[in-house]
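Engineer: Got a structure for you, written out below as structure tokens; questions coming shortly.
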Amino acid sequence: VQLQAFGGGLVQAGGFLRLSCAASGITFNIRTIAWYRQAPGKQRELVANISDVGYPNYGDSVKGRFTISRDNVKNTVYLQMNSLKPEDTAVYYCNAENAWYEHYWGQGTQVTVSS
């Protein structure tokens, strides 16, 4: 499984971005897909994940602001990020888990929110 993340960039506080994570290769057995983020000097944290049937789960810091969605035909997961805050600045990584609980990581995309 290969994962490619798109959509990062620089935005002002209060703005929005949409990240995309496109999966390719052996994708038929992918179950949960997640977005994680890692800010400088901090541990990687879960932002949101979504099951293969579309059930979402969010980290406390992004609830009500971010929305994760999934297009199983396109093998793509989206993260709509609204009301962005400077503390959302991080490298965002997508992660896929297959039916055998194996994990795959994308290359990361930088999100920078200016105050």
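Engineer: Examine region 31-41 for a residue that is touching a Lys or Arg at 6+ places or on another chain (Cβ under 8 Å) and farther than 15 Å from G7 by Cα, and state whether such a residue exists.
Structural biologist: Within region 31-41 (the criterion being touching a Lys or Arg at 6+ places or on another chain (Cβ under 8 Å) and farther than 15 Å from G7 by Cα), the answer is yes, since at least one residue qualifies.
Engineer: Look through V1, V62 and report the one residue that is open to solvent by less than 70 Å² (accessible area, probe 1.4 Å), in contact (Cβ under 8 Å) with a residue 40 or more places away in the chain and in contact with a strand residue (DSSP E or B) (Cβ under 9 Å, 6 or more places away or on another chain).
Structural biologist: Selected residue: V1, the only one of V1, V62 that is open to solvent by less than 70 Å² (accessible area, probe 1.4 Å), in contact (Cβ under 8 Å) with a residue 40 or more places away in the chain and in contact with a strand residue (DSSP E or B) (Cβ under 9 Å, 6 or more places away or on another chain).
Engineer: Ok, one more. Before we move on, is R37 farther than 19 Å from Q110 by Cα and among the charged types (D, E, K, R)?
Structural biologist: Taking the combined requirement at face value, the residue does not satisfy it.
The values are calculated or read from the model by the stated rules, or taken from the named source; none is laboratory data. Every value quoted in this text rests on a predicted model; they were computed, and no experiment measured them. Here the Cβ is made from the backbone with ideal geometry for all residues, glycine too, and neighbour counts use every protein chain on show. Quick note on the areas: whole protein, heavy atoms, side chains included, nothing else; ligands and nucleic acids left out. Shrake-Rupley method; radii C 1.70, N 1.55, O 1.52, S 1.80 Å.
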